[in-house]
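A single structure is presented below for examination.
The values are calculated or read from the model by the stated rules, or taken from the named source; none is laboratory data. These figures come from a predicted structure and were not determined experimentally. Don't worry about glycine lacking a Cβ; one is built from the backbone with ideal geometry, like all the others, and counts go over all protein chains shown. With ligands, DNA and RNA removed, areas are computed over all heavy atoms of the protein, side chains included. Shrake-Rupley method; radii C 1.70, N 1.55, O 1.52, S 1.80 Å.
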Amino acid sequence: MNFKDLALFHEATNLNLYVFDQTKKLVTKATAPLAPDFKPEYLKQLITITAEDVRLLLSSNTGILGYFLYQNHFIVGWTTNYNLQGNGNYESRAPLLNLRQFQAQIKLLYRLFYSKTPQLKQDYLEIRNETTSYVNKESDKQINKYSRYQGFLAEQDMLAAVSDGDLKKYTENYRHFMHLGIFGTLSENQLRSKKNLTIASTTLFTRAAIRGGMPAKDAYALSDTIIRNAEEEHSIANVYEYTRVIGEMFLRRVQQAKRKNIPSIVYQAQEYIYSNLAEIHTVAEIATYLGISKSYLMHLFKATTNQGIMSFVTKLKVDEAKHQLIFSNEPLAEIAYNLGFKNQGQFSRTFKQQTGISPLEFRKQMRVN
């Protein structure tokens, strides 16, 4: 087994995996979309051990961490305590894997490298000055109109990504939504609260998927199945990853529907645009990638979407600019550069043509006090 195979092991087990060199510099990783960053506090716990051993570190804050040495590298497996809290009273804190499951997975990982069973050395520790939260634990008094408005906009971006069938954008916006979401207390019973959040999320995903082209009959059938399964659960270790996966299920169905409803060439063009938005400046670039003529692509795209292909690109860039203007403090020049505009002036002119106001005016209007 080599380091490239870690991604496959992660897909099979959902175990967050990291490889560090002897200086504790990250070499590669394979992690879940919502996995927190591996902080310096954790790196301090990695000490040299014999090649025969696996060291397990248990922490009430961190979760369970296990590692061993291979070719002067630290191979690290980590199941985190997801401790997330929206700008309300909803909170979930639990490892995605229990100790028995984690031990089995880390043993298997070791065997794939060494073809033998390791010795497990288990410690308990408290890592100070760290948190696995994705958001600050703000009191209700600190929740103002702006944070609630941001939460609403983040939710809309997340659902738009489902409707678009854009997995990359969905993953980014889902994490952002969880930073800002206003969940409140859904039930005094934790399991019931998690089920209620699952049902509410599934309802939103269902509507977004229908808007994206998934047949309503199929969307509601999938929704009913998910809700029935959720109601039968005796425990939901981490409701945020649970609901993220549900959203991804609907998104995949939207992708399938879009492939059926539009010509393959147009779908491939849209996928290329989503993935290379900042680098695209002409239709010819897209046509060259697809191996077809520029005129044919322009005709087919307009006939299918009722929109010119560069108009589509510009709209996506402006939509992304709106997101950055609201949710970041990046200067206009930096946003223009990130989205592939020649300069700030071109960005501002394009933005005003599309929205009727300048980027600065838009930012001021969206930042509600």
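Could you compute the net charge surrounding Pro263? Neighbours are other residues with a C-beta less than 15 Å from the C-beta of Pro263; K and R count +1, D and E count -1.
Taking every other residue near Pro263 into account, the sum is +3.
In whole percent, how big is the carbon plus sulfur part of the accessible area of the range 271-369, probe 1.4 Å, protein atoms only? Please list the in-between numbers first.
Values: 2700 of 5550 Å².
C and S fraction of accessible area: 49 percent.
Leaving out ligands and nucleic acids, note down the accessible area per residue over the range 157-299 with a 1.4 angstrom probe, in whole Å².
Computed with neighbouring chains in place, this is 48 Å² per residue.
Quote the charge dipole size of the range 257-330 about the Cα centre in Debye, to the nearest 20; the model charges only the Cβ of Lys and Arg (+1) and of Asp and Glu (-1).
So the dipole magnitude of the range 257-330 works out to roughly 380 debye.
Once R0 is set to 41 Å, what does the formula 1/(1 + (r/R0)^6) return for the Cβ-Cβ distance between Glu232 and Glu52, expressed as a FRET efficiency to the nearest 0.05?
Efficiency for this residue pair is about 0.40.
Distance in nm between label sites at Lys352 and Lys364, each 7 Å beyond Cα in the beta-carbon direction?
According to this spin-label approximation, the distance is 1.3 nm.
Estimate the FRET efficiency between Lys44 and Gln119 by the formula 1/(1 + (r/R0)^6), using the beta-carbon distance for r and 25 Å for R0, to the nearest 0.05.
On the way: r = 23 Å, r/R0 = 0.92.
Between Lys44 and Gln119 the formula returns 0.65.
Between Arg175 and Met310, what length comes free when the chain is fully extended (0.36 nm per residue of separation minus the Cα-Cα distance, one decimal in nm)? Walk me through the numbers on the way to the answer.
Values: separation 135, 0.36 × 135 = 48.60 nm, distance 2.96 nm.
Here the answer is 45.6 nm.
Out of the trypsin sites (Lys or Arg not before Pro) in the range 315-365, which ones are loop residues according to DSSP with at most 15 other C-beta atoms within 10 Å?
Lys342
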